[in-house]
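Okay, structure first, notes after.
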Amino acid sequence: MRKDHRPSYLKKWLARLNDRYVARYLAPQFDSLGGGFEIRNPRCVEVMGPNIHAGRRLHVMATSDAPVRLIVWPESGGRIEIGDYVALSPGVRITCSKSITIGHGCSIAQRVFITDADWHDLYHRIYPGKEEPVVLEDNVWLGDQVIVTKGVRIGRNSIVGAGSVVTRDVPANAIAAGNPANVVKELDPGHPITTRAALFQGPQPYEIVEQAFDEKYLATNTLAGWLRSMWRPDRTM
């Protein structure tokens with residue numbers, strides 16, 4: 001589909017329906033979930049186990065072929081702590097036995113896997129095996145298909161390149177890549193960084209900006225046109 005054919009009022013109504021579904025069925029699976037969340041395709045989001053917490057303005061995009069999974073091993077006493085303004089993309093898996101902390105403003109790209117345990121010992125392959133806490137400090141950006149293993153701390157503002165496997169700490173203000181990931185570049189600590197928090201701390205509320213965008217780009221859409229795009233699309237759609 002070349003564009004969103006929904007009229008703005010229909011998109012708004014579907015968003016409200018989506019948020020009600022999240023509040024009724026998904027939010028209770030968290031031990032705490034801050035306000036202002038935006039969770040798209042919540043039926044493709046799995047929250048399993050105790051001690052799963054998320055802050056304000058959590059943004060999650062899941063799809064049927066790439067669900068988002070937040071899992072704490074039920075007998076381990078583990079805890080997942082997600083800060084404010086965090087974005088989780090399709091296919092993200094966060095699997096915890098001890099402790100996984102994701103700081104404010106982190107951006108987690110598609111099919112990233114974060115785990116704090118081996119999940120099988122070399123010889124005793126039933127229980128989680130070795131486990132060590134994982135920490136992503138504020139404003140960390142993980143590229144597509146990154147794997148973060150047990151005991152890793154990734155410093156504030158750092159970036160991990162797509163497909164990397166992080167097996168040891170990454171310092172703040174660095175770019176790391178490879179398998180195993182190594183620092184390949186350092187960010188200028190004096191250069192200002194626009195974080196995800198800026199989306200919500202500008203002169204206008206995020207919802208107003210989003211609404212203005214929809215009204216501009218969906219203004220000519222009609223219900224009949226949307227139905228046609230669903231059932232009889234052509235090259236103009």
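The values are calculated or read from the model by the stated rules, or taken from the named source; none is laboratory data. In this text, all values refer to a predicted model and were calculated from it rather than measured experimentally. Neighbour counts run over all protein chains shown; Cβ positions are idealised from the backbone, glycine included.
Taking the stated definitions as given, is Ala212 farther than 25 Å from Gly83 by Cα and not assigned by TED's automatic domain parsing to the domain that holds Arg156?
For Ala212, the condition - farther than 25 Å from Gly83 by Cα and not assigned by TED's automatic domain parsing to the domain that holds Arg156 - is met.
If the Cβ limit is 7 Å and pairs must be 6+ apart or interchain, which residue in the range 217-237 that is closer than 22 Å to Lys12 by Cβ pairs with which residue that is acidic (Asp, Glu) and modelled with pLDDT of 85 or more?
Going by the 7 Å Cβ cut-off, the qualifying pairs are Leu218/Asp4.
Among the listed residues Val22, Val92, Val60, identify the single one that is in contact with a helix residue (DSSP H, G or I) (Cβ under 9 Å, 6 or more places away or on another chain), assigned by TED's automatic domain parsing to the domain that holds Glu131 and among the β-branched types (Val, Ile, Thr).
That would be Val60, the only listed residue that is in contact with a helix residue (DSSP H, G or I) (Cβ under 9 Å, 6 or more places away or on another chain), assigned by TED's automatic domain parsing to the domain that holds Glu131 and among the β-branched types (Val, Ile, Thr).
In the range 80-89, which residues are in a loop (DSSP other than H, G, I, E, B) and surrounded by fewer than 20 Cβ atoms within 10 Å (Cβ to Cβ)?
Asp84
Just give me the residues in the range 187-208 being part of a helix (DSSP H, G or I) and surrounded by 14 or more Cβ atoms within 10 Å (Cβ to Cβ), in sequence order.
Arg196, Ala197, Leu199, Tyr206
So that you can scan it fast, the table gives a plain yes or no per residue for (1) β-branched (Val, Ile, Thr); (2) over 24 Å from Glu38 (Cβ atoms):
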{"position": "Asp138", "(1), (2)": "no, no"}
{"position": "Arg153", "(1), (2)": "no, yes"}
{"position": "Pro171", "(1), (2)": "no, yes"}
{"position": "Ile175", "(1), (2)": "yes, yes"}
{"position": "Lys185", "(1), (2)": "no, yes"}
{"position": "Asp188", "(1), (2)": "no, yes"}
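Go through the range 157-168 and give me each residue that's buried (at least 17 other Cβ atoms within 10 Å of the Cβ) and either touching a Ser or Thr at 6+ places or on another chain (Cβ under 7 Å) or in contact (Cβ under 8 Å) with a residue 40 or more places away in the chain (or both). Please lay out each step first, then the result.
At the first step, the residues of the range 157-168 found to be buried (at least 17 other Cβ atoms within 10 Å of the Cβ) are 157-161, 164, 166.
Within the range 157-168, Val166 is the sole residue that qualifies.
With the condition kept exactly as written, say whether any residue in the range 141-153 is among the β-branched types (Val, Ile, Thr) and out of contact with any strand residue (DSSP E or B) (no Cβ under 7 Å at 6 or more places or on another chain).
The answer is no; no qualifying residue exists.
In this structure, does His59 turn out to be under 30 Å from Arg228 (Cβ atoms) and either crowded, with 20+ Cβ neighbours inside 10 Å or not polar (S, T, N, Q) (or both)?
When the stated conditions are applied, His59 does not pass them.
Please go through the range 191-222 and pick out each residue that is among the charged types (D, E, K, R) and in contact with a Ser or Thr (Cβ under 7 Å, 6 or more places away or on another chain).
As a first pass, look at the range 191-222 and keep what is among the charged types (D, E, K, R): 196, 207, 210, 214-216.
Arg196, Asp214, Glu215 - these are the residues of the range 191-222 that are among the charged types (D, E, K, R) and in contact with a Ser or Thr (Cβ under 7 Å, 6 or more places away or on another chain).
Name the pairs: first residue in the range 138-150 and closer than 14 Å to Asp169 by Cα, second residue charged (D, E, K, R) and surrounded by 21 or more Cβ atoms within 10 Å (Cβ to Cβ), Cβ to Cβ under 7 Å, at least 6 apart or on different chains?
Taking only residues 6 or more apart or on different chains, the pairs are Lys150/Asp116; Lys150/Glu131.
Quick check on the range 184-207. Is at least one of its residues more than 30 Å from Asp4 (Cβ to Cβ) and basic (Lys, Arg)?
Yes, the conditions are met somewhere in the range 184-207.
State whether the residues of the range 66-79 include one that is in the same structural domain as Arg156 (by TED's automatic domain parsing), under 22 Å from Phe200 (Cβ atoms) and either among the acidic types (Asp, Glu) or assigned to a loop (DSSP other than H, G, I, E, B) (or both).
no
Select from the range 65-83 the residues that are more than 14 Å from Asp31 (Cα to Cα) and touching a strand residue (DSSP E or B) at 6+ places or on another chain (Cβ under 9 Å) and list them in ascending order.
If the condition is that a residue be more than 14 Å from Asp31 (Cα to Cα) and touching a strand residue (DSSP E or B) at 6+ places or on another chain (Cβ under 9 Å), then Pro67, Val68, Arg69, Trp73, Ser76 are the ones that fit.
State all residues of the range 209-237 that are at pLDDT 80 or above, in a loop (DSSP other than H, G, I, E, B) and among the charged types (D, E, K, R); if no residue qualifies, say none.
Answer for the range 209-237, where residues must be at pLDDT 80 or above, in a loop (DSSP other than H, G, I, E, B) and among the charged types (D, E, K, R): just Arg232.
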